[in-house]
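Structure in structure tokens, see below.
The values are calculated or read from the model by the stated rules, or taken from the named source; none is laboratory data. The model shown is predicted, which means the values in this text are computed figures rather than measured ones. Here the Cβ positions follow ideal geometry from the backbone for every residue, glycine too, while neighbour counts run over all protein chains shown.
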Amino acid sequence: MSACQTPIIVALDFPTRDAALKLADQLDPKLCRVKVGKELFTSCASEIVGTLRDKGFEVFLDLKFHDIPNTTAMAVKAAAEMGVWMVNVHCSGGLRMMAACREVLDQRSGPKPLLIGVTVLTSMEREDLAGIGLDIEPQEQVLRLAALAEKAGMDGLVCSAQEAQALKAAHPSLQLVTPGIRPAGSALDDQRRILTPRQALDAGSDYLVIGRPISQAADPAKALAAVVAEIA
Ligand SMILES: O=c1ccn([C@@H]2O[C@H](COP(=O)(O)O)[C@@H](O)[C@H]2O)c(=O)[nH]1
């Protein structure tokens, strides 16, 4: 399986470059992509992206930008210049913010990262949404934001795999990036809207974001191989 075909993205959630590279060195870039999030990126700036790319990984820059349209678009542009494979912004930043990001990428010559909109975090359930004044089911809010994202020309969404079937039916062109993946028997941790890797793909997920079940396993390469076998 080449890097371009694998649906697996391993989250490198560590505070230092060395810890991230220690895990990356145990993984095979033909079996997974890797994701660099806020913690690692902030501590290492762009150096980690270049080093992982040099190792053969395609990188999802998961900084979930959320700001005014110009600031967000400039952040997306900087990510594109760094050569990341995927970048994301919060859909709740609104139509104009997402459209500004689309525009800045469309004006670029050369490779463009996939531009993905974050809908409702997979750690949130109905009760959490009620706490921020949204007294609706997560799926209803996800579908609202998906319609906005499609209108803005986004390439895809971050959502729970639990919403994948409904989203694929309503927005077949959007690629679905799904964290909250838990192999059977693994700890839920702070995630709430979860599915197993196989269930997620069957529901229509295009990419599975997996952190702790791989990064905190005694043998991360073995844990990745088990997920690969489950979805084969
Ligand atoms: O809705 C979201 C958006 C992003 N994430 C990120 O994915 C990984 C999941 O890690 P696990 O250890 O597998 O729970 C983590 O980096 C989150 O920041 C998400 O979980 N949910």
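Note down all Cβ pairs under 8 Å where the first residue falls in the range 1-12 and is on the phi < 0 side of the Ramachandran plot, the second is modelled with pLDDT of 95 or more and polar (S, T, N, Q), and they're at least six residues apart or on different chains.
Correct list of pairs: Pro7/Ser205; Val10/Ser215; Ala11/Ser215; Leu12/Ser215.
Is it the case that Pro111 is part of a loop (DSSP other than H, G, I, E, B), surrounded by fewer than 16 Cβ atoms within 10 Å (Cβ to Cβ), more than 16 Å from the ligand (Cβ to nearest atom) and at pLDDT 95 or above?
For Pro111, the condition - part of a loop (DSSP other than H, G, I, E, B), surrounded by fewer than 16 Cβ atoms within 10 Å (Cβ to Cβ), more than 16 Å from the ligand (Cβ to nearest atom) and at pLDDT 95 or above - is not met.
Here's something else I'd like to know. Tally up the residues in the range 136-182 that are aliphatic (A, V, I, L, M) and assigned to a loop (DSSP other than H, G, I, E, B), please.
3
Here are Gly185, Gly133: which of them is modelled with pLDDT of 95 or more, away from the ligand (no atom under 12 Å from the Cβ) and not in a helix (DSSP H, G or I)?
Exactly one of Gly185, Gly133 is modelled with pLDDT of 95 or more, away from the ligand (no atom under 12 Å from the Cβ) and not in a helix (DSSP H, G or I), namely Gly133.
Report whether or not Glu125 is on the phi < 0 side of the Ramachandran plot, in contact (Cβ under 8 Å) with a residue 24 or more places away in the chain, surrounded by fewer than 18 Cβ atoms within 10 Å (Cβ to Cβ) and over 18 Å from the mean Cα position of the chain (by Cα).
yes
Ok, one more. Please specify each residue of the range 70-117 satisfying the condition of being under 19 Å from Leu145 (Cβ atoms) and not hydrophobic (A, V, I, L, M, F, W, C).
Thr72, Asn88, His90, Ser92, Gly93, Gly94, Arg96, Arg102, Gly117
In the set Ile194, Ile214, which member is buried (at least 19 other Cβ atoms within 10 Å of the Cβ) and either within 14 Å of Ala11 (Cβ to Cβ) or away from the ligand (no atom under 11 Å from the Cβ) (or both)?
After ruling out the rest, the residue left standing is Ile214.
I've got another one for you. Condition first: polar (S, T, N, Q), modelled with pLDDT under 95 and more than 16 Å from the ligand (Cβ to nearest atom). Can you find one or more residues in the range 97-107 that meet it?
No, the range 97-107 has no match at all.
Is at least one residue of the range 29-52 at pLDDT 95 or above, charged (D, E, K, R) and under 30 Å from Pro138 (Cα atoms)?
For the range 29-52, residues at pLDDT 95 or above, charged (D, E, K, R) and under 30 Å from Pro138 (Cα atoms): present.
Can you run down the residue pairs with Cβ atoms below 9 Å, 6 or more apart or on separate chains, where the first is in the range 130-159 and among the hydroxyl-bearing types (Ser, Thr, Tyr) and the partner is in a loop (DSSP other than H, G, I, E, B) and at pLDDT below 95?
none
Condition test on Asp202, is it without any contact (Cβ under 8 Å) to a residue 40 or more places away in the chain and either part of a helix (DSSP H, G or I) or under 15 Å from the mean Cα position of the chain (by Cα) (or both)?
It is true that Asp202 is without any contact (Cβ under 8 Å) to a residue 40 or more places away in the chain and either part of a helix (DSSP H, G or I) or under 15 Å from the mean Cα position of the chain (by Cα) (or both).
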